[in-house]
Structures are given as C-alpha cells and as structure tokens.
C-alpha cells in the first residue's frame, strides 16, 4: 500500500512550500545557528517564538523574489534570516505593547517570561539582524533594511497614538498598515531584485508587489478579527477591539451606520473590551463593512498579482502570485 505524499495543487500554498523546501531548510538552519547565545534566557525566549513556526511569509517572499530574478547563490538565505529576525523582534515588542496573550496559537512570550525579557530579547534579535546584514557587505541592502526597520517603529508609535480614536479615518489607517506591515513585505521583495542585480524596473515591480501583498494581508487579518472563528488567527477573536485598535471594518461601519449604531460603536472603541463583540459584529455585517473590507483586501491582492506579472515567466513568479491570493484566501 502506497503512503506517498499527495502532490499538492500547483496553485496552492503547499505547492509553494514544496518548491522552496530546500531554501527554507537552509534558512531555518541559519536562524537557529545565529540565534544561539551564551545567555540561557535569550535562547529560551527566541526559540519559543521562532519555534512556533507559521509560514514565515516575509522571508518566503524574499526567497521567491530572489529566485524569480535568477539569483543562483546563497546570499538570499542570509537575507531571509535577517527579515525573519526583524519581524520576530517586532512581534515580541508588539505583544508587550498590545498586552496580547496569544501569538501563533500559543501563549505570547511576555505572558511566560514577563515584559522585560520579551522587550530585551526583541532588542537582541534586532541587533542580531544588523550583524547578519553587515556581513553581506552591501550598503544598499543595509540602507533598505535600516529605513524599513525605522518605518516599522514609527508605525508602531503612530498606532499607539491612534488607540481608542473613533475619529480615525481611512487614510490614517492605511498609513499605519503601510508602515507596520506592508513596508517589510515590500523590502523583502525588493531585496530579491537587489541581490540579484536586476534592473530598476524589476526592483520597483517587486516592491509594489510586496507592498500591495502586505496591505491585502493586514486588511484580511483585520477582517478576520471580526468575521473569523476564535483562534483562526492564532489569537483571540476581537483582540483588536479589546485593544482599542480602529481598523478598516470599524472605520467603514462608522461611516455607514445610523446615529444610534455610530454612538454605540464610538463608545465601545473608547472603552475597549469585548463584552459587546457580538453586537459590534452584527453592525459590521449589517452595514456591509465586512464585505467592503474584504473587497478592499482583494483589490490589493489583484494589484500584487498584476505587479509581479511584469517579471519573466517562472515557477517562482507564479508562486509569488499564489502568495498574493493567499493573503486574502487563507484556505489556499
């Protein structure tokens, strides 16, 4: 009796993971090798969050972009590790700021080791990423990643300032998700072209791809926070509401709601908590805010697919398009 693994659909994320298995295994080895510290707590916390896995979409985008541009060395492996370290550092810091108790389906690190350890290990990961990028001896790579890391930090501060702000408009929201989420996707994709020596047009196309993918991914996450099942994001349903984050579904609902519903939503946003989550979800459905939010995410996904189609045909280009669709359709 055969126990061979079924061949995944060529349009699925499983197919993408199969195609990148060798590069991802090399990246994972490098991540664990360079995580090691003679300070035991650093190893424990870093391994806890890195070991939680996930699809590691940001480094995956970089690995695919580099191969799609014809890169045939292994510098992209080290850059993928840099990108994952930066992202993981932001997660450690985010969860402390947001007081989130779950991350990737397990307890958030700060609930296990405390806030101080999480922040300091996040700093360790940032500094480790800088060491790795310096080893590549590319001023352009360092410039892009330094700018990106600074933008992410500024986005975090901006989001903190916006907590509980029922007056937040769509442009303010889009700026935050551009700074916090989309810019790292854009850098990951752009750097694939940079280390491959691709021309400026390809580099810009990949950056546009990454930015649009990041926007699609974040809007979908924000939509799932109200429309998904509890735990579907590896966190609690309604976490954004509990933290006072005003995301696109709420912004669209406030715009479309009648006076009573608008007053209710404003009160919930300002007070935080999830006691009224079901009524909030009902308003979001009734006003069409959930449908409009996922339509916006789909539009950004379509933009990402269009941007990557300017690359020469390859299996890696097709894989990038699949990831753009997965950003919205997590069942792929």
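Here are the numbers for the structure shown:
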{"item": "90, 266 arranged by Cβ crowding within 10 Å, fewest neighbours leading", "result": "266, 90"}
{"item": "Degrees separating the helix 115-135 axis from the principal Cα axis of the chain, which is the longest one", "result": "40"}
{"item": "Ascending count of other beta-carbon atoms within 10 Å, so fewest first, for 247, 22, 111, 88", "result": "22, 111, 247, 88"}
{"item": "R0 of 22 Å, Cβ-Cβ distance residue 25-residue 55: FRET efficiency to nearest 0.05", "result": "0.95"}
{"item": "Cα-based helix-to-principal-axis angle, 183-194 vs the chain, degrees rounded to 10", "result": "20"}
{"item": "Debye intensity ratio I(q)/I(0), log10, the chain, q values 0.10, 0.13 Å⁻¹ (C-alpha model)", "result": "-0.59, -0.99"}
{"item": "Cα shape, region 7-143, gyration tensor, a/c 1.5 rule", "result": "oblate"}
{"item": "Which of 94, 302 has the fewest Cβ neighbours within 10 Å, and the rest in rising order", "result": "302, 94"}
{"item": "Equivalent-ellipsoid semi-axes of region 259-332, from the Cα gyration tensor, Å, largest first", "result": "38, 12, 10"}
{"item": "Crossing angle, helix 139-162 versus the chain [Cα axis fit, 0-90 degrees, rounded to tens]", "result": "10"}
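Read-outs: derived from the displayed coordinates by stated rules, not from any lab. For clarity, every value in this text was computed on a predicted model and none was experimentally measured. Cβ: placed from backbone, ideal geometry, glycine included. Neighbour counts: every protein chain shown.
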